[in-house]
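The values are calculated or read from the model by the stated rules, or taken from the named source; none is laboratory data. Just so you know, these numbers come straight off a predicted model, no measurement behind them. Here Cβ is always computed from backbone atoms with ideal geometry, including for glycine, and neighbour counts include all displayed protein chains. Ligands, DNA and RNA are excluded from the accessible area calculation, which covers all protein heavy atoms including side chains. Shrake-Rupley method; radii C 1.70, N 1.55, O 1.52, S 1.80 Å.
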Amino acid sequence: MKKQLKSISAFLTLFLFSTGAFAQLQSPAEFLGYELGDRYTPHHRVISYVNHVADNSNLATIDQYGTTNQHRELVYLIVTTEENHANLEEIRLNNLRLTGLEEGQATDNKKAIVWLSYNVHGNETSSSEAAMQTLYELVDPTNSETKQWLQNTVVVMDPMINPDGRDRYVNWFNGIVGTEYNPDPIAREHREPWPGGRSNHYYFDMNRDWAWQTQKETQQRIEIYQQWMPHVHVDFHEMGYNAPYYFAPAAKPYHEVITDWQSEFQTIIGKNHTRYFDEEGWIYYTREVFDLFYPSYGDTWPTYNGAIGMTYEKAGGGRAGAAVYNEEGEVLTLKERLTHHHVAGLSTVEVTAMNAERVISEFENFFDQAVNSPAGTYKSFVVKSDNNPDKIHHLLRFLDSQKIQYGTAGSNRNTNAYNFKTGQNERVSISSDDIVISVHQPQGQLARVFFEPNPALSDSLTYDITTWEAHYRFGLDGYALESNISPNQNITADDFRNGSFSGAEKPYGYVTGWSSMDDARFLAEITQKGVKSRFSKVDFVIEGQSFKKGALVILRGNNAHLGDSFDEIVRTAGDNHNRDLFGASTGFVTSGSDFGSNNVSFIEKPEIAVLMGEGTSSLSAGEIWHFFDQQLHYKTTLIDTGDFMSADLSDFNTLVLPSGSYSGVLTDSAIEKISGWVRSGGNLILIGNANRNFTNRNGFQLTRKHVESSEPTNEDLLAPYGERSRRYISTTTSGSAFEVTLDTTHPLAFGYDEQYYTLKLSADSYSYLDGGWNIGTVRENAYRSGFVGAEAKPVIENSLSFGVQNYGSGQVVYMIENPLFRGFWENGKLLVANSLFFVGN
């Protein structure tokens, strides 16, 4: 039996008073000049230390895998024995061969792989401090126990996933504290200002981005993760400073793809931790709050990729500072926080090494079972080939990023299937060129997670949203089949990117369709280069080419100011975005409206301001910022809420308000200022719960939907206290999919079919507009997927999702649902583009 970790007391003595027995290698305290926990270590010093370790130990190597938006380094370290380092590529490829994602037969040289991820939330600061001590203990020549673990284990360490957010917090904190830390929670060092350090540069929560990979840091990290596919993954976090410590096993619900072994080994790991925590009397809990369902966490996404994925949470967070009194009157210190994370991290490596043979065997079984006998009702998923090619392209790119295989059906057939559009099991027709994703593949479990209609919830008390199905996300028709179709793997995402030019070489005007964000990006590019465009409000046919409402009409006569560069700008943009451009030789249409008609409206260049700051949701503000900056690539002006009353809005024709409480911001004076600006021709776009602040105020027609409440029954009055949480969720939804019926004759819905599937984030509901346009509405029997409480469903039905109100010379766009939520609901983004370019024109 392998030698156990030395007693925690002796370990802590070594941690706090290590003397650098190895001539070159220094402990963190020796290198930094202070004991870990005495102060915060900024990113550049953490990077300096981990480089020092890699330079002075034969057990560690370091590689840069990317940079952040603010150009900070992202690195990972490989820690194992010298012998394993000499055979590292063989070990890595052997592991990939176990998954079936790499061809070839694995040799006997297999090692357990543990990946430790630190500081995904920037203001949960202790884990990067812990990472330095953990790294040192793993390579310290005097620590024989860790060397024994490394004989059969490779440890991958990412010491700081979110440097931009962490340095935002650390630099703020270091700038406002005195010579001594003040543990009083009312002290300003415990009052982190907006937007806080939790999120990255664009205010995204990167612990909700593992699957969707909308952020630069995530994309770069996942590329390395997939080169290793670890067996165990730990994501280190902090929670409220009054909490103790949380570690595995996780709370229910578990997604049904999670295997018995993944559940069992979480318990084995947790029990190993308890030996050290119990010895020291450290308080902890397990099996509560943090479940394994939503697929884009640092515990679930690795789990659905075959690992034992876990979250570890220690009391702390942005309110903790470096020392804070908790509600029990004890002082929680940074040193305590990092020590607990350090011990849990080492314990994870230890218990994995103790069980390495089975860890590797069960990891292989996870993928073998996916290929040969996948669990679950549905065995294949179909995406109809006559869907919008841009949307198919982006779905397939997503599948490529997840290493999920796909192909075509190969033959025509009729079968029974679940139809995502209708939400019913029915007889359907599958064509030979329809796209098929079979779960009989190495990443079949992950495919099931992304495509399964309405996955089972063993417990409706869950931590996050409960629907993310790919057909709804991307706006695609298709089916789920209980039978397997083995696809012909004969297509790629690029097969659906065949932009071309046809028609007159020097046309009267260019015409292109409008049905995806790629069309919006094309329009954004040419608009910012000075091109003036129009859009058709009716379907039309010209010179044998048919176009639907929303089609862009770019006339030479409107762009004489560009001279000879006009054609180059338009065609280059068409190539950049793979658009089909048609050169019309005339403005006289075969059917529809001629290009000079009022039905072909001029697009006024959007001059956009976005309000953000205290009172707004930093996450929602970041989603909007990222949408403009990284997706639409369109210039905006970000106005701080503190500057709003002094800001001159006359330079802008569009104002976007993210979700938020707007406490102290949208005062009566502020509402009057906005009202006057809209009356003068402004386009106001309200997203999420920003709408609450405009209900029944200053002529805004939006009203909350109220359902008459009945008198409580005796059963209600005598309900047990212990059921209070479950009774509450009966009135809510934690992220569910509903069908929205769109009025496709209105410009806000151009480019869409009549059915759109929205992600409903709450049961907040609004009545139909009495004097405006109810563009998107949730009707009866509209529920499709995810948890929604029994009392919430009738409130959500027959309510407004998207509406437009004429207000003086301007317009108000009510987006009750947030189409930009976490940047992953791809099919909602065109609604935002329509509100910018089309509404009011």
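Give the stretch 524-541 a look and list any residue that's part of a loop (DSSP other than H, G, I, E, B) and touching a strand residue (DSSP E or B) at 6+ places or on another chain (Cβ under 9 Å), or say none. Result: V531, K532, S533, K537, V538, D539. Identification of helices (runs of 4 or more DSSP H) wholly contained in the stretch 722-841 with 2 or more residues that are among the aromatic types (F, W, Y), touching a Ser or Thr at 6+ places or on another chain (Cβ under 9 Å) and touching a residue at least 24 places away in the same chain (Cβ under 8 Å) yields no element.
The sole residue among N696, N689 that is open to solvent by 40 Å² or more (accessible area, probe 1.4 Å), within 27 Å of S661 (Cβ to Cβ), out of contact with any Leu (no Cβ under 7 Å at 6 or more places or on another chain) and without any contact (Cβ under 8 Å) to a residue 60 or more places away in the chain is N696. Among the residues in the stretch 550-571, are any in contact (Cβ under 8 Å) with a residue 40 or more places away in the chain and part of a loop (DSSP other than H, G, I, E, B)? Looking for residues that are in contact (Cβ under 8 Å) with a residue 40 or more places away in the chain and part of a loop (DSSP other than H, G, I, E, B), one finds at least one in the stretch 550-571, hence yes. Number of residues in the stretch 497-517 that are outside any loop (DSSP other than H, G, I, E, B), touching a Lys or Arg at 6+ places or on another chain (Cβ under 7 Å) and either open to solvent by 50 Å² or more (accessible area, probe 1.4 Å) or among the acidic types (D, E) (or both) equals 1. Screening P295 on (1) outside any loop (DSSP other than H, G, I, E, B); (2) open to solvent by less than 10 Å² (accessible area, probe 1.4 Å); (3) touching a helix residue (DSSP H, G or I) at 6+ places or on another chain (Cβ under 8 Å); (4) of a type outside the set (F, W, Y) shows it passes everything except condition (1). Exactly one residue out of Y463, Y472 is over 27 Å from L101 (Cβ atoms), open to solvent by 40 Å² or more (accessible area, probe 1.4 Å), under 20 Å from the mean Cα position of the chain (by Cα) and hydroxyl-bearing (S, T, Y): that is Y463. When Q262 is tested against the conditions (1) closer than 20 Å to A315 by Cα; (2) in contact (Cβ under 8 Å) with a residue 24 or more places away in the chain, the lone failure is (1). Residue count for the stretch 166-218 under the criterion of being in a helix (DSSP H, G or I) and either touching a residue at least 40 places away in the same chain (Cβ under 8 Å) or touching a Cys at 6+ places or on another chain (Cβ under 9 Å) (or both): the result is 15. When we screen T348, T377 for residues that are more than 29 Å from V154 (Cα to Cα) and β-branched (V, I, T), the only hit is T377.
Results for (1) assigned to a helix (DSSP H, G or I); (2) over 18 Å from S835 (Cβ atoms); (3) in contact with a Phe, Trp or Tyr (Cβ under 6 Å, 6 or more places away or on another chain), shown as yes or no for each residue.
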position: Y634; (1), (2), (3): no, no, yes
position: D643; (1), (2), (3): yes, yes, no
position: S661; (1), (2), (3): no, yes, no
position: G664; (1), (2), (3): no, yes, no
position: I671; (1), (2), (3): yes, yes, no
position: G676; (1), (2), (3): yes, yes, no
position: N689; (1), (2), (3): yes, no, no
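Counted as qualifying within the stretch 23-132 are the helices (runs of 4 or more DSSP H) with 2 or more residues that are open to solvent by less than 10 Å² (accessible area, probe 1.4 Å), modelled with pLDDT of 95 or more and at negative phi, namely 43-56, 88-99. Looking only at the stretch 569-592, decide whether some residue is open to solvent by less than 60 Å² (accessible area, probe 1.4 Å), over 28 Å from T745 (Cβ atoms), at pLDDT 95 or above and over 42 Å from the mean Cα position of the chain (by Cα). No, the conditions are met nowhere in the stretch 569-592. Taken over the stretch 593-610, the residue count meeting the criterion of being part of a loop (DSSP other than H, G, I, E, B) and either open to solvent by less than 10 Å² (accessible area, probe 1.4 Å) or touching a residue at least 40 places away in the same chain (Cβ under 8 Å) (or both) is 8.
Of all the residues that make up the stretch 133-144, how many are open to solvent by less than 10 Å² (accessible area, probe 1.4 Å), assigned to a helix (DSSP H, G or I) and farther than 9 Å from V349 by Cβ? Residues flagged as open to solvent by less than 10 Å² (accessible area, probe 1.4 Å), assigned to a helix (DSSP H, G or I) and farther than 9 Å from V349 by Cβ within the stretch 133-144 amount to 5.
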